[in-house]
Each structure stands twice: as structure tokens, then as C-alpha cells.
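Every number in this text was worked out from the coordinates using simple rules, so none of it is lab data. Just so you know, these numbers come straight off a predicted model, no measurement behind them. When we count neighbours, we look across all protein chains shown, and the Cβ atoms used for this are built from the backbone with ideal geometry, even at glycine.
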Amino acid sequence: MKKLLLALITTLPLAGWSQSLTQADFTGVVVPQYLSSGNNSGSATFSGPRLAIVFRATVSNLTPSTLYRYYVQAATASEFTSSASGAGVLLLIAPGATTAATTYTSVSTGSLSTAGSYATFTTDATGSYTGWFALVNSNNASRFQVPGTVLFPTITLATDATPATVVARRALNQSMTLLSFTSGAGANNGTLLTGSSAATPKNVVFTYDNAAGTGRPLSGAVVESIGAATGTTQTGTNAYTYSTTNGSYTTVVPNTLTTGVRRVEERSIVTGAVLNCNTDADGVWASGATTVNPTGGTTAVVLTATDTPLSAGCATVSATLPNNALPGLTISPNPATDRITVALPTKGAATVALRDLTGRVVMAPAALPGNQQVLLPASLAHGIYLLEVRQGDVTAVRRIEKN
């Protein structure tokens, strides 16, 4: 009788059997350290936009060459060994052959048997898959409302052939810490960081506390516009703006950040490769935006397209310290009337361009003449501008004044 019962148990379908959440076989490749607690509310406690958090990871120990369905959420360590997957709004990524062909879909509830409520991937010959995953924080009280909460992204899996059978619930081997959009110092306080760039929409952007991009990034964001809603604009006491302009990005950085943000990099949503990056040696960027120990909460630190053009590989952009980029570069006279002389510290071809303080190009990039004299546009109004001088793979930015 016992043998018969055992045989019946082992032949029952697994659809009704829950799989416990286990921290195994889900390994981070590029995983931000922080995510935000904003929930698109104007309240003082949970103000700020719901921001997508994107990370790159490897799922392993699956059946080789098999199509899987999945969705991603986040859980605390106390939920390990339970049959829950955590919480979070889903942001499903379907990588295409090109960035433009990639699609994002936002859905509130994950379901492996409901079309539009899951994403898919196909494992390789070893039973592994490496790719981008994403989620958006929800209003869940036990996971997304207490600053300082340590969260682990989770993945819930089923084969496409038998979607009713959950084959695994896995927690990532790396965690993220929840920051609230709160002004002032505090280990669990964060500030909005918004940026403009020439990055390609649907790619991803990461911030680092070092120029080399070593270690884990501080935070990550999607490059808008992705065609799916995450953060929204909020008016009132805790006003903020979430931009979906092409090339824009919005993320969170910790208020306790003595180094400041020193690198912003764009990665391909298709391949994961670093496409472009801009660095700054002290965290005070060319436009004057200060990322060192910010205290803004929902009042964003704004990086302009001059700070992070993200358009020409990796380049240093600095205006705050004379030796950050092209040490010895001089511009005279400054203030200027109709022309300036740009004296390079070393011989070699260079280009110059001019932007206003919003990042708008007012003089398109052009080769620096042999006499090093640059004529300013006759229509240029009086004021302060940012002169970009690029030589090789280094871009230096200097403030000039037009009389």
C-alpha cells in the first residue's frame, strides 16, 4: 500500500505544488545598490515617482534550450523558504534584435498563464540565460514603505509548455536598499537625479561613485521614452517632474554620498555592453550640478546634456577642477566679445562646441582652427555659456562669458 501511495504521489501533476523561494541559481551581473520608495504620491511619507529598477543577472540550472515564462518582483530575506514571490509592479522586457525592437510592458500582477502578464527567455545549451530584468516598486507596506529595507529581486519561473506548473521561485544573490525621497542627511534618505542625454531610448543608464565604473552601480534607470508608464509628474508641496523626453533618465541617489556621482554610463538593452559613459572627477558636474551629499529629496539634482551627452563613447566631462580634463587648457579673453582663443595643452586636432546652461547647443561642434581662434555666433546673447573642447577621447568643459 505504501509503495502504491508513493507511486501515486510521484505521478501527480505539480501544478498545485508551490515552490519555495530559494536564494540559488539567480546571480547578479550588474545590480544597483539602491532603489526608491516613491509611489507617485504627494504625501510627505511616500512622495516621489515610482521608478523602474533594472538589473542584469544570470538564471542557471534550468533545462537546456527551453523556453521559460517568468516575472520579477522583490522580497525580504524573511520570505525565503516561503511560497511567495514578494511584491512589486512588473516591468516586462522583451529584448529585440535591435534596441528599437525591444518592448517594455508594465502590469500590476504577474501570472504565468495570462498573456501580457509574463515575459519569456530561452535557455542556452547549459541551461542558463543572462539578460536584463526589471521591476517597479509598489505600495506594499512590508516591502516598499520602510526606508532602509533590504530587498532581493525574485524571479518566478515556469516552462512555456506547462505554464501552470511553477518550477522555481528564486531570489537574487545580491540585495538593494530602499531609499525614501527625503531632504536632509540620513543613511536611508535619497534624492531624485534626473538627466538629459543623447542616449538611445529603451537602453539603460547606471550611476557610479567612481569614474572607472568598478563595483556595483549606485542606481539604475531606463532611458526614456520606453512606451510604458512608471513615474508620473507630481504637483504640490512635494512636487517633482518625471520626464519621458527621449534621452532622459530619472533615478535615485543616496543623500550620504561623499564621493558624489562620478560616472554615468549607458548600456545596451540588447547586448548589455557599455555604449557610452561620461565621468567627472569630483561629483560636481560641468553645469554646476552637485551630486556630493545631496539633500533635495524630490527636488532633483539635474544633469544636463552637457554633463552626460552619452553620445561619443566614454569621455571625461569636467568644469570644476582645472586639472580634471585637458590640464593646461586656456581660453582668452574671458569675458569675450566676438571671439576667443582656445590654447590646447598639447598638439593635436580638436573640436569645439558651445552650449547654454540648459544644455542646448548654440554653436555646433567644429574643428578648432590652426590659429586657435573661435568666432562666437553673432546672434549670441550676453550671458554665461559652456565651451566644450574635445581632443581625442577627452572632453573638457569651461565656462565662458559673452559680453
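Separation between the S20 and T299 pseudo-spin-labels, each 7 Å from Cα along Cα→Cβ, expressed in nm?
5.0 nm
For Cα pairs less than 8 Å apart in space and 6+ apart in sequence, what is the mean separation divided by the residue count of region 351-400, i.e. the relative contact order in percent?
Details: 72 pairs, mean separation 18.5, N = 50.
Computed over region 351-400, the figure is 37 percent.
Give the residues of region 148-176 whose amide nitrogen is closer than 14 Å to a point set 7 Å from the Cα of R216 in the direction of its Cβ.
148-154, 172-176
Run lengths n ≥ 4 of DSSP H only: what is the helix-derived mean residue ellipticity at 222 nm for the chain, with -39500 (n - 2.57) per run over all residues, to the nearest 500?
Taken over the chain, the calculation gives -1000 deg cm²/dmol.
Relative contact order, percent, of the chain when contacts are C-alpha pairs under 8 Å separated by at least 6 residues? Please report the intermediate quantities before stating the final value.
Working: 1150 pairs, mean separation 60.9, N = 403.
It comes to 15 percent, rounded to a whole number.
Is the shape of region 30-107 best called rounded, prolate or oblate, per the rule: a/c under 1.5 gives rounded, else a/b larger than b/c gives prolate, else oblate, with a ≥ b ≥ c the square roots of the Cα gyration tensor eigenvalues? Walk me through the intermediate numbers first.
Working: a/c = 2.31, a/b = 1.33, b/c = 1.74.
The shape class here is oblate.
Please report the antiparallel percentage of the DSSP beta bridges confined to the chain, to the nearest 5.
85 percent
Once you order the gyration tensor axes a ≥ b ≥ c over the Cα atoms, which shape class does region 343-403 get: rounded for a/c under 1.5, otherwise prolate or oblate by comparing a/b with b/c?
In terms of gyration-tensor shape, prolate.
For T351 and E401, FRET efficiency with R0 = 30 Å and r from the beta-carbon atoms, rounded to 0.05?
Step by step, r from the Cβ atoms, then E = 0.90.
Over region 215-331, what relative contact order in percent results from Cα pairs under 8 Å that are six or more residues apart?
For region 215-331, the relative contact order is 21 percent.
In what sequence do R399, R339 fall when counting other Cβ within 10 Å, fewest first?
On the way: R399 16, R339 10.
Listing R399, R339 from fewest to most nearby Cβ atoms yields R339, R399.
In whole angstrom, how far apart do the alpha carbon centroids of region 129-194 and region 243-297 sit?
21 Å
Cα axis of helix 2-11 to longest principal axis of the chain: angle in degrees, 0 to 90, nearest 10?
Value to nearest ten degrees: 40.
Could you calculate the contour length gain from T259 to T245, that is, 0.36 nm times the residue separation minus the distance between their Cα atoms, to one decimal place in nm?
Between T259 and T245, full extension yields an extra 2.2 nm.
Under the classification rounded if a/c is under 1.5, otherwise prolate if a/b is larger than b/c and oblate if not, where does region 189-247 fall, given a ≥ b ≥ c as square roots of the Cα gyration tensor eigenvalues?
Note, shape of region 189-247 comes out oblate.
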